[in-house]
Amino acid sequence: MATAAPQQPKRTGAVESLSTWRWTDRIALALCWICGIALCVAAASILLYMAYRGLQYVRPELLFDRPTGEPDQTRSGGIADPILGTMMLTLLGTALAVPLGVCVALWLVEYGRPAGLARLVESGVEVVAGTPSIVLAIFGLILFQQSWLGWLSFTSEGGGVFGRSLINASVMMSLIALPLVVGATREGLNSIPGHVREASYALGKTKAATIRRVLLPAVRPSIATGTALGMGRIAGDTAIVIILLGNTLLIEPQGDAPLWNVLTGTGSTLTSYVYENSPAGEGGAYEKAYAAAFVLLLVVLVLNFVVARIVGGSHAARSNLWSR
Amino acid sequence: MAAGAPTSSRPMAALASLREPWSDRRTEFALGAVACFVLAIVVGMVVFVFSKAWPSFTENGLAWFGDTGNVNQQLDRIQQPGTAEPVYEFGAFDLIWGTVLTTGAAVGFGIVFATLAAVFIVEFAPPVIERILTPTVSLLAAVPSVIYGLIGILVLAPFIGGLVSDDRKESVAGIVSLTGENWTLAAFILALMIIPIMTAIIAQALRQVPRAWTEGAAALGVNRWRVMWTISVRAARPAVIAGAVLATARALGEAIMLAMVSGGSAFAPNPVDGITFFFEPTRPLAATIVFYREGLANPAMAATLYSIAAVLLVSAMALSIGAYIAKQPLKKYGIRT
């Protein structure tokens with residue numbers, strides 16, 4: 001933590017002359033510049049190219065029309081369903097991941113006993129973080145094709161469980177976001193000095209009350225950071241969508257119960273729409289793929305911006321909060 | 001949960017007691033239960049995937065990892081055996097080689113690039129550029145893989161396809177078709193995807209190298225590059241390794257982008273082929289699952305695909321253990337990553 005370090009004198013600008021450097025060092029310095037600039041150029045070219053293609057093809061009616069299966073691109077409709085799918089999946093996945101993740105982080109930092117179990121849980125979260133999403137997706141398929149979980153998706157006449165639905169996909173998506181929420185919340189909890197907790201205990205608060213009234217409000221920016229990062233990951237994931245969401249172009253409800261039929265139904269998201277409309281998928285609608293990819297990129301950019309704002313704002317706020 | 005039963009008072013009493021302040025023991029128990037639930041899901045995942053994959057491993061034995069013929073034909077036969085007995089014969093060498101090649105090239109290139117970029121961000125970048133670069137790195141890390149794949153398949157692949165001469169295409173006609181989609185392009189885009197992750201990890205460690213060390217070296221008359229290279233990067237070397245290991249895990253699991261740009265045929269590019277080698281298609285392990293996802297309803301095919309998933313899972317677990325071990329020396333210096 002940087003807060004503990006004493007005030008450092010600010011380093012002045014480059015007063016050193018390159019002419020005294022050995023030529024190997026000069027080459028190395030040039031390579032550093034090239035790598036740094038290349039990263040900027042790569043990011044700028046991706047953004048500008050997607051913006052160029054996106055602005056070329058995105059039309060208001062494209063965003064609000066429902067897609068149709070027509071092979072003729074002038075009549076294949078818009079991307080309303082994929083946009084809605086991305087929104088629902090992201091919100092549901094986050095809604096599942098955040099409470100779970102915050103509870104796990106609280107337990108790990110504030111209780112964490114028996115120590116062996118805490119180590120196990122910690123490595124379990126690490127394992128989830130490292131697991132490829134395609135593996136999570138097909139694990140979800142076995143899990144939700146168990147007959148006792150059949151009520152979460154469509155069951156065929158013969159009793160076979162389809163295993164693909166919005167709710168199943170969001171459960172697996174929540175596993176993608178979970179490590180990010182746990183990590184950010186733990187980081188926040190660890191950065192709260194011990195004397196804050198002790199002050200609360202000294203006032204006669206129980207540990208539970210301290211968590212609820214002191215720690216949770218203090219780590220709210222960290223939780224928000226983890227949440228926004230997790231939302232970005234969920235919105236950008238394709239593998240779970242094409243395997244667990246059923247990958248139907250339209251949102252297809254199952255059954256009659258309102259809302260629940262959408263949750264147990266199938267659908268698509270922007271990522272699966274881009275994949276299916278690229279040459280790798282079935283459709284060859286590049287314009288639509290570019291437009292959907294542009295919308296997706298905007299979503300991710302906004303989430304990224306939110307993270308930057310929270311992190312930037314909370315650093316100053318937090319160091320003031322505890323050192324007053 | 002119990003809201004639908006207003007007639008009985010017990011659920012209502014339980015709900016009311018939930019609103020009272022919780023005791024410490026109860027809180028600890030509840031939070032611990034949630035943590036155990038997450039642990040149970042992880043254990044369940046490993047058990048489920050391995051139990052489903054078991055037939056493929058027992059039928060093939062160690063030949064699973066070997067080269068037992070054309071993988072495309074093997075997978076087709078698993079899908080449609082033509083006999084009543086399910087066929088499990090499968091040797092994933094071509095797929096493993098494709099994974100190793102793309103991941104290895106991407107990580108090998110990425111580790112050098114990311115280290116230099118991190119040094120640039122931390123030490124040499126003028127404040128203006130640094131203020132642009134730091135968010136740029138986190139942005140590049142956040143771009144969804146399907147967008148990288150789309151740019152790869154629609155922009156870069158036709159461009160690279162144009163570079164391949166017709167003579168070269170004819171020289172391998174009948175074996176593979178050389179389009180713009182090949183392992184080099186896959187490795188390049190993969191590198192673009194993992195470099196931001198590695199750069200962020202390395203830059204964070206470089207920033208936490210004790211100031212006294214670098215200033216001590218500078219006071220002895222060492223120039224800024226040498227200070228960075230011999231003191232900071234040396235001290236942060238465990239972070240470089242940890243970053244590389246985490247990036248490897250990410251690259252191994254990348255399925256969608258690789259399925260889009262790697263060429264889609266299970267072929268093992270052969271370095272003996274000279275320049276042609278760089279234009280040869282491949283298909284890594286994770287992308288294979290995406291390719292044959294429709295076959296998951298077929299038990300034999302599912303066993304094969306789950307066995308691929310099991311191999312990926314074990315590799316990812318081994319890599320995260322590796323990253324944990326690699327980071328240990330940093331704790332000695334008090335550098336948190």
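What follows draws every value from the coordinates through simple rules; no lab data is involved. Because the structure is predicted, anything quoted here is derived from the model rather than measured. Note: ideal-geometry Cβ built from the backbone for every residue, glycine included; neighbour counts use all protein chains shown.
Between the stretch B:231-279 and the stretch A:155-212, what is the C-alpha centre distance in whole Å?
Measuring centre to centre over Cα atoms gives 33 Å.
For the stretch A:164-268, what is the relative contact order in percent, using Cα pairs closer than 8 Å and at least 6 residues apart in sequence?
After rounding, I find 42 percent.
In the Gaussian network model of chain A, springs joining C-alpha atoms below 10 Å, which of A:Arg113, A:Arg164, A:Arg66 carries the largest mean-square fluctuation?
A:Arg113
What net charge do the residues around B:Leu140 carry, taking every other residue with its C-beta under 15 Å from that of B:Leu140, with Lys and Arg at +1 and Asp and Glu at -1?
+1
Compute the relative contact order of the stretch B:53-182 as a whole-number percentage, counting only Cα pairs closer than 8 Å that sit 6 or more residues apart in sequence.
The value is 16 percent.
Rank these for me by crowding, A:Ser165, A:Ser272, going from fewest to most other beta carbons within 10 Å. Before the final figure, lay out the partial values.
On the way: A:Ser165 25, A:Ser272 29.
Taking fewest neighbouring Cβ atoms as first place, the list is A:Ser165, A:Ser272.
Taking neighbour Cβ counts within 10 Å as the exposure measure, how do A:Val182, B:Val43, A:Val125, B:Val34 sort from fewest upward?
B:Val43, B:Val34, A:Val125, A:Val182
Using θ = phi - 60° and the Karplus curve 6.51 cos²θ - 1.76 cosθ + 1.60, what whole-Hz ³J(HN,Hα) does each residue of the stretch A:160-171 get, with Gly and Pro shown as x?
Coupling constants for the stretch A:160-171: x, 9, 5, x, 10, 7, 4, 5, 5, 5, 6, 4 Hz.
What ranking of B:Ile96, B:Ile153, B:Ile202 emerges when the number of other C-beta atoms within 10 Å of each C-beta is taken as an exposure proxy, fewest first?
Working: B:Ile96 20, B:Ile153 23, B:Ile202 30.
Arranged by neighbour count, lowest to highest, B:Ile96, B:Ile153, B:Ile202 become B:Ile96, B:Ile153, B:Ile202.
Given labels modelled 7 Å from the Cα in the Cβ direction, how far is it in nm from A:Glu287 to B:Trp54?
Placing both labels 7 Å along Cα→Cβ, they lie 5.4 nm apart.
Compute the signed sum of charges (Lys and Arg +1, Asp and Glu -1) over the other residues within less than 15 Å, Cβ to Cβ, of B:Phe65. List each step's numbers first, then the result.
On the way: positive: none; negative: B:Glu59, B:Asp67, B:Glu89, B:Asp94.
Result for the neighbourhood of B:Phe65: -4.
Only Cα pairs under 8 Å and at least 6 apart count here; give the relative contact order of chain B as a rounded whole percent.
The value is 25 percent.
Using just the Cα positions, wrap chain A in a convex hull and report its mean projected area in square nanometres, one decimal place.
So the mean shadow area of the Cα hull is 24.8 nm².
Given a Förster distance of 35 angstrom, what is the FRET efficiency for A:Glu61 paired with A:Cys40, based on the Cβ-Cβ distance and rounded to 0.05? Mind showing how you got there, number by number?
Numbers: r = 36 Å, r/R0 = 1.02.
So the FRET efficiency works out to roughly 0.45.
Within 15 Å, Cβ to Cβ, of B:Val42, how many net charges do the neighbouring residues add up to if Lys/Arg are +1 and Asp/Glu are -1?
-1
For the protein assembly as shown, what value does the Rg/Rh ratio take when both radii are computed over Cα atoms and Rh is the Kirkwood radius, given to two decimals?
Working: Rg = 26.2 Å, Rh = 26.8 Å.
Answer for the protein assembly as shown: 0.98.
Say we join alpha carbon atoms closer than 10 Å with springs in a Gaussian network model of chain A; which of A:Arg186, A:Arg220, A:Arg197 then has the biggest fluctuation?
Highest fluctuation of the listed residues: A:Arg197.
Once you compute Rg and the Kirkwood Rh from C-alpha atoms, what is the Rg to Rh ratio for chain B?
On the Cα set of chain B, Rg over Rh gives 1.09.
Counting only Cα, what are the radius of gyration and maximum Cα-Cα distance Dmax of the stretch B:40-150, in Å?
Both quantities, over Cα of the stretch B:40-150: 22.1, 69 Å.
If the elastic network links every pair of Cα atoms under 10 Å, which of A:Thr185, A:Thr131, A:Thr20 fluctuates the most in the Gaussian network model of chain A?
Of the options given, A:Thr20 has the highest mean-square fluctuation.
Which length gain, in nm to one decimal place, applies between B:Thr83 and B:Ala218 when the Cα-Cα distance is subtracted from 0.36 nm times their residue separation?
The span from B:Thr83 to B:Ala218 would gain 41.1 nm if fully extended.
If the only charges are +1 at each Lys and Arg Cβ and -1 at each Asp and Glu Cβ, what is the size of the charge dipole of the stretch A:79-323 around the Cα centre, to the nearest 20 debye?
That gives the stretch A:79-323 a dipole magnitude of about 1260 debye.
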